[in-house]
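Taking it in order: structure first as structure tokens, then the write-up.
The values are calculated or read from the model by the stated rules, or taken from the named source; none is laboratory data. Since the structure is predicted, the reported quantities are computational estimates derived from the model, not experimental observations. Every residue, glycine as well, gets a Cβ built from its backbone with ideal geometry; the counts of neighbours run over all protein chains shown.
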């Protein structure tokens, strides 16, 4: 791959690359138990923006990691993300029927199979990452997915439905719910290369933290402004479910301003890293300007 | 600990030991999100026979593993087992309300929290195992939990409700559903020591395979013969749910005979290992004679 291509080419190539890695590590659709494997493939290979994989690839390039090692890190974070979407959409959670423009996994395959598909995808994420021997990688991914990461954020989210949250409570929830895995994608990608120095580590962490939060604020704004067609998922669902969001807590204008602030913070962190971080910078711009 | 104590003392000490390890690796009940952490602790620290932990400890002793390393392996398999019970009991799966003599997790904490507690426990299992750096351990645990292991067995189980299965189909289902994690407990425990030779590996695998299957056949017999009080879970539920079992497929007498055959096979494998395997042999006897 040409390293100097424009961002849409770079990201398109990486998205295709991780899709191929995912296709290869998922059991074939005709391997028994067929329905489980079909449900897993349905949810993982249905597209999506592959934000987490792109962050892992960009951080891997930043750190000088071997692309074939970064492949495993990128696939692992996408598998965790796919499992979390399946479980989030279940009737006992968000009860959503639409995902990536198609019926949610539990609509297509039934609740029990969706539950198992999510469970099996989480295991597969660790199996895939273990192949690559990324130093500290398993601990990093496990913490970001567990009760002190994504699953913990979901629990805060459940408890917050119908509640009035202060901005800092909302931030804590989102830093776990979305930010933890986004941060893990960046750190895992970077861990695929030779060790970074302390300043570079700090810069990357600051960037990951700002991007992770910005991603969620953008989501909240899009949930108000978007349509199901542009989003590929149900729009306006936060308000319908009385979930506190950045828009409901601080208003649309302030939420938009916060996105800009986080974008500047992410770029400033990258500038402080003392190392070329072109692709990470481009992802920051893309994510803060996205419309779906 | 005195290495020569009788089996009930040895197993009681090891069960206490893994409970302490689990208590230490689970987040405290007062750490936010409190309900999630309480649900996780409720399900993991509610006792149970700790069969998988005991197998890991026994295999660890067989292989000469460092007990503090085996601790992590034992805790990890118990965490996977605990998560699987929570998800199995959910309304969309077996819809059971009683577990280890207490309300199932989803009854005590609600479906959504039970789903998240299971998800977070799976992540914690890998986090805990990663601490111990057991060679090949993460891959082994991940495969045994995933779609080619336990989750796959559950999917076969779902598909088999109301169906007529041949004995070999039933065996395939149970080898995955119960046998995969039992086998992983043995192999993980052994992997905590210096590498075994090929004959020892083979002997251990044969033993694990026989024990794993025997455990399930005993479960099927107890489901017919036991009471909720002796089992700590709903009795007679396989028949009520029209699930094929060893008893329904081959009859009670033949199922009892199969247990004895598997017991002999497990002992014969251990005898072929050319190495002292006292605790593994005692576990084989205990599991094939158990009444709950």
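Would a scan of the stretch B:71-89 turn up a residue that is surrounded by fewer than 24 Cβ atoms within 10 Å (Cβ to Cβ), at the interface with chain A (Cβ under 10 Å from one of its Cβ atoms) and over 18 Å from the mean Cα position of the chain (by Cα)? Within the stretch B:71-89 (the criterion being surrounded by fewer than 24 Cβ atoms within 10 Å (Cβ to Cβ), at the interface with chain A (Cβ under 10 Å from one of its Cβ atoms) and over 18 Å from the mean Cα position of the chain (by Cα)), the answer is no, since none of the residues qualifies.
Looking only at residues of the stretch A:195-205 that are in a loop (DSSP other than H, G, I, E, B) and out of contact with any helix residue (DSSP H, G or I) (no Cβ under 7 Å at 6 or more places or on another chain), we find that the one that is nearest to residue A:129 (Cα to Cα) is A:195.
Examine the stretch B:231-242 for a residue that is at pLDDT 90 or above, assigned to a helix (DSSP H, G or I) and surrounded by 15 or more Cβ atoms within 10 Å (Cβ to Cβ), and state whether such a residue exists. No: zero hits. When the helices (runs of 4 or more DSSP H) confined to the stretch B:245-292 are screened for residues that are out of contact with any helix residue (DSSP H, G or I) (no Cβ under 8 Å at 6 or more places or on another chain), those reaching at least 1 such residues are found at B:252-272, B:278-289.
Taken as a whole, the stretch B:186-206 holds no residue that is within 14 Å of chain A (Cβ to nearest Cβ), more than 18 Å from the chain's Cα centre (by Cα) and farther than 26 Å from residue A:92 by Cβ. Can you find a residue in the stretch B:155-163 that is without any contact (Cβ under 8 Å) to a residue 60 or more places away in the chain, within 14 Å of chain A (Cβ to nearest Cβ) and over 22 Å from residue B:85 (Cβ atoms)? Checked against the condition, which is being without any contact (Cβ under 8 Å) to a residue 60 or more places away in the chain, within 14 Å of chain A (Cβ to nearest Cβ) and over 22 Å from residue B:85 (Cβ atoms), the stretch B:155-163 yields no hits at all. When the residues of the stretch A:134-145 are narrowed to those that are outside any helix (DSSP H, G or I) and surrounded by fewer than 24 Cβ atoms within 10 Å (Cβ to Cβ), which ends up nearest to the other protein chains (Cβ to nearest Cβ)? Within the stretch A:134-145, the match that is nearest to the other protein chains (Cβ to nearest Cβ) is A:136. Confirm whether residue A:99 is closer than 30 Å to residue A:241 by Cα and touching a helix residue (DSSP H, G or I) at 6+ places or on another chain (Cβ under 7 Å). Here the answer is yes, as residue A:99 does meet what is asked.
Residues in the stretch A:117-133 that are buried (at least 24 other Cβ atoms within 10 Å of the Cβ) and more than 7 Å from chain B (Cβ to nearest Cβ): A:117, A:118, A:121, A:125, A:128, A:129.
Taken over the stretch A:93-106, the criterion of being crowded, with 20+ Cβ neighbours inside 10 Å, within 12 Å of another protein chain (Cβ to nearest Cβ) and free of Cβ contacts under 8 Å to residues at least 60 places away in the same chain is satisfied by A:106 alone. The residues of the stretch B:107-116 that are more than 8 Å from every other protein chain (Cβ to nearest Cβ) and closer than 13 Å to residue B:83 by Cα amount to a single one, B:114.
Only a single item in (1) within 14 Å of chain B (Cβ to nearest Cβ); (2) assigned to a loop (DSSP other than H, G, I, E, B); (3) in contact with a helix residue (DSSP H, G or I) (Cβ under 6 Å, 6 or more places away or on another chain) is not met by residue A:181, and it is number (2). Counting the residues of the stretch A:147-163 that are assigned to a loop (DSSP other than H, G, I, E, B) and under 17 Å from residue A:216 (Cβ atoms) gives 2.
Of all residue pairs spaced 6 or more apart or on separate chains, those with beta-carbon atoms under 6 Å, a first member in the stretch A:8-33 that is without any contact (Cβ under 8 Å) to a residue 12 or more places away in the chain and a second member that is part of a helix (DSSP H, G or I) are A:31/A:37; A:33/B:152; A:33/B:155; A:33/B:156.
Quick one: which helices (runs of 4 or more DSSP H) lie wholly within the stretch B:46-133 and hold at least 2 residues that are touching a strand residue (DSSP E or B) at 6+ places or on another chain (Cβ under 6 Å) and farther than 21 Å from residue B:19 by Cβ?
By residue number, no helices (runs of 4 or more DSSP H) qualify.
Residues in the stretch A:43-59 that are surrounded by fewer than 24 Cβ atoms within 10 Å (Cβ to Cβ) and within 13 Å of another protein chain (Cβ to nearest Cβ): none.
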